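Notes follow the structure.
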Amino acid sequence: MIKQMAKDDFIVSKTDLKGRITYANRIFIDMAEYTEEELLGQPHSIIRHDAMPKAVFQLLWDTVTAGEEIFAFVINRTKNGNDYWIYANVSPSFDENGTIVGYYSVRRMPNQSAIAIVKPLYKAMLQAEKTGGIAAGVKVLTDLLGEKGVGYNELIIAIQG
Ligand SMILES: Cc1cc2nc3c(=O)[nH]c(=O)nc-3n(C[C@H](O)[C@H](O)[C@H](O)COP(=O)(O)O)c2cc1C
């Protein structure tokens, strides 16, 4: 079943440097259909959906480990096998010396028109990854960005509208 985020909700989680969940808000826990105990300490990939191209997560990690924020549309899989799309901002957390100490993500309801654009894009990226690996998935995305003459975050923000 496809579930929808409520319009005014925020799904929030924090991770350590390895992407293990250190905090999840109540809405996260309810949407993911796990208990808090089942989530804390687990890798964030616990809710990974196999419709997500690997290239998106590579870009996510490359960006946040470089100290920058990233926006992304992500489909997640709940404990009971339900699916939900989110529009995420993922950012590093810094200590007072500017060292990255973890990451956090705040997610909102994606626009349906955005999902209609992202679905075929992810399908094409996944298809490319089957034969050409992550690099082929990245190429589908960078070709699109080149065609549009925009950066990745710029495109994602524009799609959400
Ligand atoms: C703050 C933060 C939030 C994340 N949120 C999600 C998420 O909601 N869903 C997801 O599949 N991956 C999320 N990830 C990415 C995962 O860490 C992981 O890279 C991804 O699930 C792919 O897993 P895999 O490399 O084991 O295939 C998040 C990472 C960080 C740092």
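The values are calculated or read from the model by the stated rules, or taken from the named source; none is laboratory data. Worth saying up front: this structure is predicted, and the values here are computed from it rather than measured. Cβ: placed from backbone, ideal geometry, glycine included. Neighbour counts: every protein chain shown. Note: accessible area is taken over every heavy atom of the protein model, side chains too, but ligands, DNA and RNA are not part of it. Shrake-Rupley method; radii C 1.70, N 1.55, O 1.52, S 1.80 Å.
Considering segment 11-26 alone, what residues qualify as being under 14 Å from the mean Cα position of the chain (by Cα) and open to solvent by 50 Å² or more (accessible area, probe 1.4 Å)?
Scanning segment 11-26 gives a single hit, LYS14.
Do any residues in segment 58-70 that are on the phi > 0 side of the Ramachandran plot have Cβ atoms under 9 Å from those of residues that are near the ligand (Cβ under 9 Å from one of its atoms) and open to solvent by less than 70 Å² (accessible area, probe 1.4 Å), where the two are at least six apart or on different chains, and which pairs are they?
GLY67/PRO92
Working only within segment 1-12, note down all residues that are of a type outside the set (Gly, Ala, Ser), under 16 Å from ILE75 (Cα atoms) and more than 15 Å from the ligand (Cβ to nearest atom).
Hits for segment 1-12 are MET1, ILE2, GLN4.
Mind checking whether some residue in segment 27-38 is out of contact with any strand residue (DSSP E or B) (no Cβ under 8 Å at 6 or more places or on another chain), open to solvent by 40 Å² or more (accessible area, probe 1.4 Å) and touching a residue at least 60 places away in the same chain (Cβ under 8 Å)?
Within segment 27-38, not a single residue is out of contact with any strand residue (DSSP E or B) (no Cβ under 8 Å at 6 or more places or on another chain), open to solvent by 40 Å² or more (accessible area, probe 1.4 Å) and touching a residue at least 60 places away in the same chain (Cβ under 8 Å).
Looking only at residues that are free of Cβ contacts under 8 Å to residues at least 60 places away in the same chain and open to solvent by 60 Å² or more (accessible area, probe 1.4 Å) in segment 147-160, which one is nearest to VAL56 (Cα to Cα)?
Filtering first and then ranking leaves GLU154.
Of all residues in segment 110-128, which are open to solvent by 20 Å² or more (accessible area, probe 1.4 Å) and either within 17 Å of ILE157 (Cβ to Cβ) or within 13 Å of the ligand (Cβ to nearest atom) (or both)?
Result: ASN111, GLN112, SER113, ALA116, ILE117, LEU121, LEU126.
Go through segment 86-107 and count every residue that is more than 19 Å from LEU40 (Cβ to Cβ), β-branched (Val, Ile, Thr) and open to solvent by less than 50 Å² (accessible area, probe 1.4 Å). Can you show your working first?
Filtering segment 86-107 down to residues more than 19 Å from LEU40 (Cβ to Cβ) leaves 86-89, 91-92, 94-100.
Filter once more, keeping what is β-branched (Val, Ile, Thr): 86, 99-100.
Applying the additional criterion that residues be open to solvent by less than 50 Å² (accessible area, probe 1.4 Å) yields 86, 100.
Of the residues in segment 86-107, 2 are more than 19 Å from LEU40 (Cβ to Cβ), β-branched (Val, Ile, Thr) and open to solvent by less than 50 Å² (accessible area, probe 1.4 Å).
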